[in-house]
Structure formats: C-alpha cells, structure tokens
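S.K.: The following block contains the structure, expressed as structure tokens.
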Amino acid sequence: MFKYFVPLVFIAIGSFICLEAVAFDKGDIAKKGIADLRDRNLQEKPVALNGEWAFAWKKLLSPAATAGITTYTEFPKLWNGITVDGRQLLPQGYATYQLTVLLPKNNSPLALFIPEFYSSYRLYVNGKIFANNGVPDTSKKNYTPQWLTSTLALPGNSDTLQLVLQIANYSHAKGGPKKSILIGDNALLQSDRERWIAGDFLLTGCLFMGGLFFFGLYLFGKHDKAMLFFSLFSMVYSYRIVGSSFYAFHSVFPGLNWQLTLRLEYFSLFSSVFLFVQYVRQLYPRDVYKPLAKLISIICLLVTVAPVVTPTLLFTQIINPFLFLMFFCIGYVVWIFITAYLKRRSGAGYALASIAVLMLVFLIINLRYFGYEISSRAIVFAGYVAFFFLQSLILSFRFAWSFQQAKKQAEQGSKSKSEFLSTMSHEIRTPLNSVIGMSHLMLKNNPRKDQKEQLDVLLFSAGNLLSIVNNILDYSKIEAGKISFEMIEMDIEHILHNIVSGSKNIVEEKGILLKLKTPETRLPMVAGDPTRFAQVISNLVGNAIKFTEEGEVSVEVVLDKQTEDNISLTFKIKDTGIGISKVKQQLIFEQFTQADSSTSRSFGGTGLGLAISKKILELQGAILHLESEPGKGSVFYFTQTFPLSKNPGNNPVNTHKQLGKNNEMSLAGIEVLLVEDNPINILVAKSFLESWGAIIEVAKNGQEALDRLDIERHRIILMDLHMPVMDGFEAARKIREKGITIPIIALTASMPGEVAKEIKGLGIDGMVLKPFVPDELYKTVLKFSSPHVTGTVEL
C-alpha cells in the first residue's frame, strides 16, 4: 500500500507551500464590547474580532443609537445557539452588534476581512457604511439576502474603530454570524484573499476539466457507466469548491441571485453524493449489496430534488441529517473498497487510499461547519487533488484494461482504438501547453531553491508525459497508415549534438557517461525528415540511458558510402546496461511490451519507443538491428541512405541562438498580434513574449484578428488554428487575399503532417507546436519578425 501514498506526499507538500492560509489570532479578545489591540502587531498576524459584542435583538440600530446597549453576547455565534433573558433566539429575525476596537499606533494600512452572514448584513465603521451584503431590514418584505466575502481597507489615521453590524435573516434555517471578522495588514489580507480565490478556481478548473476528460473517454470509449458517473460527479462537485465556504464564485460574479446560488450550493452537495454512490455501484458491481445501495440511492435522489422544488427555509434544515447520511455512505463505500481490495479487483488499492483521503477532507470540512476553527486550507486542497488523482488512476487502469481487451478483437476494433488514441493524445497536448508554459514562467521568477527543485521535477514529468502522448499518437498513426515523412534539408551532426546535450542532466544524475563519435570529416547536409530522425535517435538513446546503471552510453556514426547524390550512414547506440536475452530480443519490438514485467516495474516506460522506432525506420527502408548479452549491454544499429542536399553552399553549422539572459529584451519594440482563444495559452505566450520585450495585442478568434490587424504596427501574427467564430485557416486565407505579407506563424497542438494539407496554399510561414518550448517560440518570432522576412516558407 505504500506506493499508493507516494503521490499524496508530493501533492500535500506542494499544497502546503503554495496555498496555506495566513495564520491569525483566534482567541476571544473582545470584552464587554471593547477589543483592545493596542499591544498587538497587526502587520505580522491578523486578529479575529471574537468575544463579547454588544447585542440588541429585534433592533436594527444606527451607530448613534447603540450607546445604550447593555446586553452582550458571544461573537461569532448563530442565533440558534443564543439565549437572551432566558429565551432561546430564533434563526429568523434581526439584530444589531456593536464593538469598539482600540488600535495600536503607527499602523500600516489595515483592512477587515468580512465573511458572509446568515443572510444579509450592513457594517458601519465610525458612523459610516463600510460594507454590506444584501439588504437587512425589520420586515421580510424589504429584506434581501446575499452572500459575499470581502476584504476592505480601513480608513487611515484612526486609533479607534466603532463597528456597528446589522444582520437580518428570513430565508435560511440558520441565522446570525458564524464566521469571524478579521482585522490585519491590508496587503497581507488582500494577498491571502487572492490566493484563496485563485486556489479555489484552480481546483475547480482541474475537477471540471477532469470531468470533461472522463466524459470524453465515456463518449469515445466503450460507454463505461463508471466513467460517466465519475465525470458527472467531478463536474457537479467542482461547483462546491467555488460556490461554498469562501464563495469565490460569488466574488467574481457578485450580482448573482442568492436564491439560485444557494440552491446550486445544496444541489451540488446532495447530487454529488448520489452520483458517487452510482459510480461505486458501477465500479465494483460484484461487491455491492444491491438492496442497500438501491435504498441509499433513492434517499439521496429524493434529497437532491429538495433544493429544486422546496423553499430555502425547508431544504436548509435537512443539511445536518444529510451529513450523517453522507458519512454513512462513505463508511459503506469503505467496506466495498476493502472487499474489492481483498478480492484483488483492478485499482482497489488506489480506491482505498482515495476514500481514506476523502474521509479526512470531509471530517475537516464538517468540523469547520460545526464551528471548530482549523487551519486546514492546504490539507483540504491536497486532499481533494489526491482524491481525484487516485480516482483518475482507478479509471485509467480500468480504461487500460478495456483497451487491451478491445485490442484482441477484430481488425475494425483495432482501427477504432487507434483513432480514439489519436483524438485523446491531441486533446491532452493542449492542457500540457499550460502545464509546461506555466512551469517555465515560474522558473523565470527566481523561485526559492526548494521550489526550483519541485518545478524542475514538474517540468521533467510534463516532458515525459508529452513524450508518452507523442509516442501513443505516433503509433496510432502508424497502425492506421496515416504517418508521412518530410523531405527537407537537415544537419545530422547538429541533431545528434542536440540529443546528446539534452540528455546531459539525466546521465549526470545517474553517474554514467554519454559519448558521441562522428567521422573526422564533417558530414554534409542531407535531405530527410529531421523530426522523425531525431525521434528514432532520441528513443534509442533514452532507452539505453534508462537501462544503464553504470558505465557508458555511446552514439556512433559510421560513413559507409558516399556518391554524388547519396550518402549511407550506420548509426550505433551502445550501452553497458542490463542487456537482453536471445529469447526476448524480438519481443521488445512489439508495442506495449518490454523484456519482462519486472523491467516495467523497475525502469518504467510504455514499451512503445522501440516499436515506433522500428516502424519509422522500416517505412523509410531501414532495418533496426540488435546485438545484446545479458549483464553486458546492448547495441542497437541501423543503416540509412540519405539524398544529399541540393544546396551544398549552405553552412551546416548551427546558426540558431540559444535563449538566455542576454536575449531577454531582444524582441524590444516588436508588436505581435496573438490570436488565441484559450486564456491559459494566452497568459503563457504573452508572458514569455513580453519578457523578451515584445508588445502583444490579443485577438480571441480569426474575425477579431482581421478587425485588429494593423499592418503599420504588427510585425508578426501568431495564429491558433482551431478557434470559434472563425478558425486560423480561414483567417490566414483572408489576410493573404488582402495582399498582406506580414509573417503568420501557426500555433497548433497537431503534428505538422496532420495539418500540412489544410494549411498548404494559405500563406502560413511557419509553425510552433503546442506545448511549445520557450526557446522554439523565441527563435521563431525572432526569425520571422526581422524586417527582411516576407512571404511564405515551405512546411
């Protein structure tokens, strides 16, 4: 079970570093309506204004009329739990609270964090209205409920604050204040609020996009109902993150109707429990006691309907009984997962780990709900991410198993599988652009040493994921017969040097050597497909490094024969790794296969790299050979003939500049029209380009690009190909029809061969693949934004 918790450790560490809340003093500091903060350092730690506030029930008093209040009550505390003059207060009604705050001298600017109250409030500071939510009133007719948290700067030059808080509630089963008002440094509270909102939206986006992803798997896969219910559960529950607790969604859209958002808040909770129960029923149907599962489902479904058809006063009263039902459901799910684990069901270990995390998260949330203050933001964030991550692994295993079963079916099933993998791989590349781009951006912002190490791991893992995605995409295209090869000028030695240089960090970490040996006479420029050639060599070198724990890996090029038109070269990749037995040397060239199962456990990998390399070489008339001896190493080699370049005068030495600190403003003054509809991709591309000095104007579709294009200002156009309203293909065509020769660079998650036919003749000058590496984007923009660059180039 230990391996199941390793991802949780990394997630928790990242969450604590990035999202932990600002600590604040929670003690009761208010006594008889006075909070003396003169000895507090509010710049270092905010203070919760908890304690005894002056209190007037059934009165909405103005600041001038609060002097005569002689009753005090605990704050914050719901009216449901307050007794005044021997009488228990009702949750429906109205009241006034008053507090005098004595401030320390020489304060930096201060602010108040004001949570939502059940269900409307108006706050006065020193006699003036400072904040309000909805309209509190003495009658239900003139009262308006609303929930919105806010952090507002206090007026300066004051050593005393007179706070008067009016609260009214006629719409909810609870009434009055439940959360603390905080006072502290303005910058500290504002940044904490921004981090909270950003964290909530980040988590919501992850859950919702994950739900969409699994919904896509359901639609394009075998219609697995477990995936369907999990996708619906993820999308529905994502609203809980921003629509409850801190109410980040309300902060972004403050004008939303309170009745609607409250119903959505409760509906998302009730329905998510129902959907999760259905998901578990579909995930392990043989381990579910069907009568009990059916009874729970009916109860959850009835409760789910309540927020839709009943008044708010009614359905808000069922939350406490429902919480007990929810924990009963979790307990039942734990029993199911334990049973599945004991019976060795697929993914049951991850299921057990995930439900343990979920129980911790819900325990913390419910403790906070019942009034126990816990500094738990990072724990909850990490818990949610870990839970959905582990559930995704369960479904990934489930999907992988179904995929392998489908692979054994008829030829038509194999073809459908390949098309599905191609679609999914393409879709994954777009969010990967955000992950890789944002990682590069954070590395540029001088992170701490520990953060840099974590970002390097994230970037390395994202690169591995991209490599896996590309391998899957390539193999599916090979199987479908859709792979094509370019015939353009290429520098073999330069490509080999780049591959060796790019593997430097890996071999240094492993403590092995990586050597490159080329002929003494520099090789001439040849014609071929540099992308496919680099892919083959990279796969072979990466494979050799992976299975070599000591010794060395060498890449050798031997010149076999050269004529006036062609050159034949033999490429050898040698290693001193674990070697491969004769029996299994043919097996490793099969897709999804390694020498044995222990190899996969020890070294990882998909088993696709060698199969793809072999197929690519065979399609170009070359054969991949292997010589190996267990315990002594392996040699992979092949001989390939290339036509010589028709432009022998070209200098084969690499002329590209490497992006570095000296080039950070080398695009200064260059105005770029960025045409992209994805907000995260806009942020990534814009941040890099602006850091290099470029001036960016954004258009979110092709039509907007046509409207914004200014040939007097814009030097280059970066054009996404797939957008609403008007796509990049049509926009490029219309720009060229107008006689405009400004360079157009396509931004696409598709491989060049997939879109080559579509962009042919449109006047597109170049292409940058998503996810893009900053170096590639920089070089492309620098090249095509030069004043002498016009017209189109052959893709």
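S.K.: Report, by residue number, each residue of the stretch 87-142 that is among the basic types (Lys, Arg) and modelled with pLDDT under 95. Give the derivation first.
M.R.: If we filter the stretch 87-142 for residues that are among the basic types (Lys, Arg), which is where we start, we get 87, 105, 122, 128, 140-141.
Selection gives 87, 105, 128, 140, 141.
S.K.: If I filter the stretch 342-357 for residues that are of a type in the set (S, T, N, Q), in a helix (DSSP H, G or I), closer than 17 Å to residue 230 by Cβ and under 29 Å from the mean Cα position of the chain (by Cα), do I get at least one hit? Step through it out loud before you land on a result.
M.R.: Of the residues in the stretch 342-357, the ones of a type in the set (S, T, N, Q) are 346, 354.
Okay, now just the ones that are also in a helix (DSSP H, G or I), so 354.
If we keep only those that are closer than 17 Å to residue 230 by Cβ too, we end up with 354.
Checking the rest, the ones that are also under 29 Å from the mean Cα position of the chain (by Cα) come to 354.
Yes, the conditions are met somewhere in the stretch 342-357.
S.K.: Condition first: within 25 Å of the chain's Cα centre (by Cα), surrounded by fewer than 18 Cβ atoms within 10 Å (Cβ to Cβ) and modelled with pLDDT under 90. Can you find one or more residues in the stretch 253-263 that meet it?
M.R.: Taking the stretch 253-263 and keeping what is within 25 Å of the chain's Cα centre (by Cα), we get 253.
Subset that is surrounded by fewer than 18 Cβ atoms within 10 Å (Cβ to Cβ): 253.
In the following step, the residues that additionally are modelled with pLDDT under 90 were identified as 253.
Yes, the conditions are met somewhere in the stretch 253-263.
S.K.: Next up: How do the pairs read when you match residues in the stretch 427-450 that are free of Cβ contacts under 8 Å to residues at least 12 places away in the same chain with residues anywhere that are of a type in the set (A, V, I, L, M, F, W, C), using Cβ under 7 Å and keeping only pairs 6 or more apart or on different chains?
M.R.: Sorted first by the residue in the stretch 427-450, then by its partner, the pairs are 447/455.
S.K.: I'd like the full set of residues that are over 30 Å from residue 144 (Cβ atoms) and open to solvent by 30 Å² or more (accessible area, probe 1.4 Å), limited to the stretch 161-204.
M.R.: Within the stretch 161-204, 187, 188, 191, 195, 202 qualify.
S.K.: Counting only residues that are of a type in the set (A, V, I, L, M) and free of Cβ contacts under 8 Å to residues at least 40 places away in the same chain, which one in the stretch 234-252 is surrounded by the most Cβ atoms within 10 Å (Cβ to Cβ)? Break it down into steps so the answer makes sense when it comes.
M.R.: Initial filter on the stretch 234-252 (of a type in the set (A, V, I, L, M)): 235-236, 241-242, 248, 252.
Narrowing the set further to residues that are free of Cβ contacts under 8 Å to residues at least 40 places away in the same chain leaves 235-236.
Values: 235: 20, 236: 23.
My answer is 236.
S.K.: A follow-up question, please. Of everything in the stretch 186-224 that's in contact with a Ser or Thr (Cβ under 6 Å, 6 or more places away or on another chain) and more than 27 Å from residue 275 (Cβ to Cβ), which residue is modelled with the lowest pLDDT?
M.R.: 193
S.K.: Could you say whether any residue in the stretch 741-748 is small (Gly, Ala, Ser), free of Cβ contacts under 8 Å to residues at least 40 places away in the same chain and touching a strand residue (DSSP E or B) at 6+ places or on another chain (Cβ under 6 Å)? So that I can check it myself, show each step before the final result.
M.R.: Taking the stretch 741-748 first, the residues small (Gly, Ala, Ser) are 746.
Checking which are free of Cβ contacts under 8 Å to residues at least 40 places away in the same chain leaves us with 746.
Subset that is touching a strand residue (DSSP E or B) at 6+ places or on another chain (Cβ under 6 Å): 746.
Within the stretch 741-748, one or more residues are small (Gly, Ala, Ser), free of Cβ contacts under 8 Å to residues at least 40 places away in the same chain and touching a strand residue (DSSP E or B) at 6+ places or on another chain (Cβ under 6 Å).
S.K.: Taking the conditions exactly as written (touching a residue at least 24 places away in the same chain (Cβ under 8 Å), under 26 Å from residue 631 (Cβ atoms) and either surrounded by fewer than 19 Cβ atoms within 10 Å (Cβ to Cβ) or charged (D, E, K, R) (or both)), does residue 584 satisfy them or not? Walk me through it before giving the result.
M.R.: Values: touching a residue at least 24 places away in the same chain (Cβ under 8 Å): no; under 26 Å from residue 631 (Cβ atoms): yes; either surrounded by fewer than 19 Cβ atoms within 10 Å (Cβ to Cβ) or charged (D, E, K, R) (or both): yes.
No.
S.K.: On to the next question. Return the total of residues in the stretch 479-499 being at pLDDT 70 or above and assigned to a helix (DSSP H, G or I).
M.R.: Step one: of the stretch 479-499, the residues at pLDDT 70 or above are 483-499.
Checking the rest, the ones that are also assigned to a helix (DSSP H, G or I) come to 492-499.
Qualifying residue count for the region: 8.
S.K.: So for the stretch 605-622 (the condition being at pLDDT 75 or above and assigned to a strand (DSSP E or B)), does at least one residue qualify?
M.R.: No, every residue in the stretch 605-622 fails to be at pLDDT 75 or above and assigned to a strand (DSSP E or B).
S.K.: Restricting attention to the stretch 129-148, report how many residues are more than 17 Å from residue 169 (Cβ to Cβ) and in contact with a His (Cβ under 8 Å, 6 or more places away or on another chain).
M.R.: 0
S.K.: Any idea which residue in the stretch 500-558 is surrounded by the most Cβ atoms within 10 Å (Cβ to Cβ), counting only those that are small (Gly, Ala, Ser) and in a strand (DSSP E or B)?
M.R.: Among those residues, the one meeting the criterion is 528.
S.K.: Tell me, yes or no, whether the stretch 349-363 has at least one residue that is open to solvent by 10 Å² or more (accessible area, probe 1.4 Å), modelled with pLDDT under 75 and hydroxyl-bearing (Ser, Thr, Tyr).
M.R.: Within the stretch 349-363, not a single residue is open to solvent by 10 Å² or more (accessible area, probe 1.4 Å), modelled with pLDDT under 75 and hydroxyl-bearing (Ser, Thr, Tyr).
S.K.: Still on this structure: Any idea which of 340, 348, 306 is in contact (Cβ under 8 Å) with a residue 60 or more places away in the chain and touching a helix residue (DSSP H, G or I) at 6+ places or on another chain (Cβ under 7 Å)? Write out each step before concluding.
M.R.: Details: 340 fails: in contact (Cβ under 8 Å) with a residue 60 or more places away in the chain; 306 fails: in contact (Cβ under 8 Å) with a residue 60 or more places away in the chain.
Going through 340, 348, 306 in turn, the sole match is 348.
S.K.: Considering only the stretch 758-771, I want to know if a residue exists there that is buried (at least 17 other Cβ atoms within 10 Å of the Cβ), at pLDDT below 85 and part of a helix (DSSP H, G or I).
M.R.: Within the stretch 758-771, one or more residues are buried (at least 17 other Cβ atoms within 10 Å of the Cβ), at pLDDT below 85 and part of a helix (DSSP H, G or I).
S.K.: Just a yes or no: is a residue in the stretch 214-233 of a type in the set (S, T, N, Q), over 15 Å from the mean Cα position of the chain (by Cα) and open to solvent by less than 10 Å² (accessible area, probe 1.4 Å)?
M.R.: Residues of the stretch 214-233 of a type in the set (S, T, N, Q): 231.
If we keep only those that are over 15 Å from the mean Cα position of the chain (by Cα) too, we end up with 231.
Then keep just the ones that are open to solvent by less than 10 Å² (accessible area, probe 1.4 Å); that gives 231.
Yes, the stretch 214-233 contains at least one residue that is of a type in the set (S, T, N, Q), over 15 Å from the mean Cα position of the chain (by Cα) and open to solvent by less than 10 Å² (accessible area, probe 1.4 Å).
S.K.: Right, something else. Name the helices (runs of 4 or more DSSP H) wholly within the stretch 658-750 that hold at least 1 residues that are basic (Lys, Arg), over 15 Å from residue 767 (Cα atoms) and in contact with a helix residue (DSSP H, G or I) (Cβ under 8 Å, 6 or more places away or on another chain)?
M.R.: Once the helices (runs of 4 or more DSSP H) in the stretch 658-750 are filtered for at least 1 residues that are basic (Lys, Arg), over 15 Å from residue 767 (Cα atoms) and in contact with a helix residue (DSSP H, G or I) (Cβ under 8 Å, 6 or more places away or on another chain), what remains is 728-737.
S.K.: Can you say whether residue 450 is part of a helix (DSSP H, G or I), within 25 Å of residue 776 (Cα to Cα), at pLDDT 70 or above and touching a helix residue (DSSP H, G or I) at 6+ places or on another chain (Cβ under 9 Å), as far as the supplied structure shows?
M.R.: Working: part of a helix (DSSP H, G or I): yes; within 25 Å of residue 776 (Cα to Cα): no; at pLDDT 70 or above: yes; touching a helix residue (DSSP H, G or I) at 6+ places or on another chain (Cβ under 9 Å): yes.
Here the answer is no, as residue 450 does not meet what is asked.
S.K.: Name the residue that is surrounded by the most Cβ atoms within 10 Å (Cβ to Cβ), counting only residues in the stretch 264-276 that are of a type in the set (A, V, I, L, M) and either on the phi > 0 side of the Ramachandran plot or in contact with a Phe, Trp or Tyr (Cβ under 7 Å, 6 or more places away or on another chain) (or both).
M.R.: Quick first cut of the stretch 264-276, residues of a type in the set (A, V, I, L, M) only: 264, 269, 273, 275.
Now restrict to residues that are either on the phi > 0 side of the Ramachandran plot or in contact with a Phe, Trp or Tyr (Cβ under 7 Å, 6 or more places away or on another chain) (or both): 264, 275.
Values: 264: 18, 275: 22.
Of everything passing the filter in the stretch 264-276, 275 is surrounded by the most Cβ atoms within 10 Å (Cβ to Cβ).
S.K.: Under 41 Å from the mean Cα position of the chain (by Cα) and either farther than 14 Å from residue 60 by Cα or in contact (Cβ under 8 Å) with a residue 12 or more places away in the chain (or both) - does that describe any residue in the stretch 157-164? Talk me through it step by step, then tell me what you get.
M.R.: To start, the set of residues in the stretch 157-164 that are under 41 Å from the mean Cα position of the chain (by Cα) comprises none.
Checked against the condition, which is being under 41 Å from the mean Cα position of the chain (by Cα) and either farther than 14 Å from residue 60 by Cα or in contact (Cβ under 8 Å) with a residue 12 or more places away in the chain (or both), the stretch 157-164 yields no hits at all.
S.K.: Which count do you get for residues in the stretch 302-330 that are open to solvent by 20 Å² or more (accessible area, probe 1.4 Å) and within 12 Å of residue 267 (Cβ to Cβ)? Don't jump to the end; show me each part of the working.
M.R.: We begin by selecting, within the stretch 302-330, every residue open to solvent by 20 Å² or more (accessible area, probe 1.4 Å); these are 302-303, 305, 308-311, 313-314, 317-318, 320-321, 324-325, 327-328.
Next, from what is left, pick out any that are within 12 Å of residue 267 (Cβ to Cβ): 303, 305, 308-310.
Residues that pass the stated criteria total 5.
S.K.: Can you pull out every residue in the stretch 540-563 that is among the polar types (S, T, N, Q), under 12 Å from residue 633 (Cα atoms) and touching a Ser or Thr at 6+ places or on another chain (Cβ under 8 Å)?
M.R.: Hit for the stretch 540-563 is 548, nothing else.
S.K.: Quick one: would you say residue 562 is open to solvent by 20 Å² or more (accessible area, probe 1.4 Å) and closer than 16 Å to residue 622 by Cβ?
M.R.: Numbers: open to solvent by 20 Å² or more (accessible area, probe 1.4 Å): yes; closer than 16 Å to residue 622 by Cβ: no.
So residue 562 does not fit the description; no.
S.K.: Out of everything in the stretch 662-703 that is among the acidic types (Asp, Glu) and under 26 Å from the mean Cα position of the chain (by Cα), what residue ends up being least open to solvent (accessible area, probe 1.4 Å)? Write out each step before concluding.
M.R.: Filtering the stretch 662-703 for residues among the acidic types (Asp, Glu) gives 664, 671, 676-677, 690, 697.
Restricting the remaining residues to those that are under 26 Å from the mean Cα position of the chain (by Cα) gives 676-677, 690, 697.
Numbers: 676: 5, 677: 60, 690: 87, 697: 42 Å².
If we take residues in the stretch 662-703 being among the acidic types (Asp, Glu) and under 26 Å from the mean Cα position of the chain (by Cα), then 676 is least open to solvent (accessible area, probe 1.4 Å).
The values are calculated or read from the model by the stated rules, or taken from the named source; none is laboratory data. The model shown is predicted, which means the values in this text are computed figures rather than measured ones. We place every Cβ from the backbone using ideal geometry, glycine too, and count neighbours over all the protein chains shown. To get the accessible areas, we keep the full protein, side chains included, count just its heavy atoms, and leave off ligands, DNA and RNA. Shrake-Rupley method; radii C 1.70, N 1.55, O 1.52, S 1.80 Å.
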